[in-house]
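The structure under discussion appears below in the form of structure tokens.
The values are calculated or read from the model by the stated rules, or taken from the named source; none is laboratory data. Given the structure is predicted, the values throughout are model-derived calculations rather than measurements. Virtual Cβ from ideal backbone geometry, glycine too; neighbours counted across all protein chains shown.
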Amino acid sequence: MEELKPNKSDLLALARSKLASERTFLAYFRIAVVFFSSGFAILKLGALRDITSIGYFLLVLAPLMMQIGIFHYYYTRRQLQKVYDNNQIKEFD
């Protein structure tokens, strides 16, 4: 049985998927930084004493968002690597 070689369109789709995965990770990272800085600011500002529980919640949520982003990035990377390996494609770096 003849093995199919990926065409340029397939290679470009894989490259776009890799870049999309990186952008998604950066979005999770950005959310984690915003949650952390907002939670810290809420706790440090005396005028916002009424919502300190939200500040603590954001401080707990920030590392969780970062972990979700890291997990999602490496999961997607493994899935793309399987496609690269199955088609004997050298990964774009």
Members of segment 5-32 found to be farther than 15 Å from Q81 by Cβ, hydroxyl-bearing (S, T, Y) and surrounded by 12 or more Cβ atoms within 10 Å (Cβ to Cβ), listed by number: T24, Y28
Condition broken by D85, with the remaining ones in (1) at pLDDT below 95; (2) assigned to a helix (DSSP H, G or I); (3) surrounded by 11 or more Cβ atoms within 10 Å (Cβ to Cβ) satisfied: (3)
Just checking, which of F29, F35, F25 is without any contact (Cβ under 8 Å) to a residue 40 or more places away in the chain and touching a helix residue (DSSP H, G or I) at 6+ places or on another chain (Cβ under 7 Å)? F35
